[in-house]
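**Student:** If you scroll down you'll find the structure; I have some questions about it.
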Amino acid sequence: MLDTTSAERPRLIIPALGSIYRPLYELAETILRVVAGGALVTHGIVKIQNPLGAQGMVESIGFYPGEVWSILLAATEFFGGILIAIGFLTRPAALAAFFLLCVTVYFHWILKSEGWAGAEKSVLWAAIMLFFIIRGSNSQSVDAKFGRQF
């Protein structure tokens with residue numbers, strides 16, 4: 001068991017580094033949230049411009065009706081990415097993105113037989129979304145400005 005100075009963080013080997021890490025803790029988490037949300041937006045911007053464009057692809061992996069799932073895919077990536085980036089309704093948006101990313105892991109790993117090499121980015125993104133499902137957003141978010149989170 002780790003000897004900790006608080007309930008959340010282990011004691012540092014070099015305690016003097018705490019003065020460097022402490023002010024960057026929230027900033028690092030915010031950067032992760034903004035980058036992850038922004039990455040989803042960049043994938044979703046093409047899809048939101050043609051929300052039915054992925055209809056054939058989603059039906060090919062078993063999601064019917066394709067029109068509905070294609071629109072949900074576009075909305076999750078684009079609008080969900082924006083919500084995650086700004087930290088508004090962070091947990092529900094991250095949950096939707098997590099589901100989407102689990103499907104992409106299945107698509108690349110199983111259906112396309114690409115294994116880890118094909119699914120690696122989706123696994124990483126899914127892990128990041130799982131972090132935000134559990135953690136929510138921090139003090140540098142719209143959720144914090146409202147004083148409430150899911």
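**Student:** Ala36 fails exactly one of the following numbered conditions: (1) small (Gly, Ala, Ser); (2) surrounded by 13 or more Cβ atoms within 10 Å (Cβ to Cβ); (3) modelled with pLDDT under 95. What is the number of that condition?
**Tutor:** The failed condition is (3).
**Student:** Only one of these conditions is not met by Ala36: (1) within 30 Å of Pro23 (Cβ to Cβ); (2) over 16 Å from the mean Cα position of the chain (by Cα). Which number is it?
**Tutor:** (2)
**Student:** Which of the residues spanning the range 84-112 are over 30 Å from Glu26 (Cα atoms) and part of a loop (DSSP other than H, G, I, E, B)?
**Tutor:** Selection gives Lys112 alone.
**Student:** If you scan the range 74-118, which residues turn out to be of a type in the set (S, T, N, Q), farther than 20 Å from Ile45 by Cβ and touching a Leu at 6+ places or on another chain (Cβ under 9 Å)? Even if it seems obvious, please write down each step before you answer.
**Tutor:** Within the range 74-118, the first condition is being of a type in the set (S, T, N, Q), and the residues that meet it are 76, 90, 104, 113.
Applying the additional criterion that residues be farther than 20 Å from Ile45 by Cβ yields 90, 113.
Passing the criteria: only Thr90.
**Student:** Go through (1) in contact (Cβ under 8 Å) with a residue 24 or more places away in the chain; (2) under 17 Å from Ala39 (Cα atoms) and name the single condition Leu111 misses.
**Tutor:** Evaluating Leu111 over (1) in contact (Cβ under 8 Å) with a residue 24 or more places away in the chain; (2) under 17 Å from Ala39 (Cα atoms) leaves (2) as the failure.
**Student:** How many residues, within the range 43-72, are closer than 22 Å to Ser113 by Cβ and not acidic (Asp, Glu)?
**Tutor:** So the count comes out to 8.
**Student:** From the list Ile71, Ile61, Ile31, Ile14, exactly one residue is out of contact with any helix residue (DSSP H, G or I) (no Cβ under 6 Å at 6 or more places or on another chain), surrounded by fewer than 17 Cβ atoms within 10 Å (Cβ to Cβ) and farther than 19 Å from Ile134 by Cα. Which is it?
**Tutor:** Criteria check complete, one pass: Ile14.
**Student:** Now for a different question. Please give the number of the condition Gly66 fails out of (1) under 28 Å from Ala28 (Cβ atoms); (2) more than 18 Å from the chain's Cα centre (by Cα).
**Tutor:** Every listed condition holds for Gly66 apart from (1).
The values are calculated or read from the model by the stated rules, or taken from the named source; none is laboratory data. Since we're looking at a predicted model, the values are computed, not measured. No Cβ is skipped: glycine too gets one built from the backbone with ideal geometry, and neighbour counts run over all protein chains shown.
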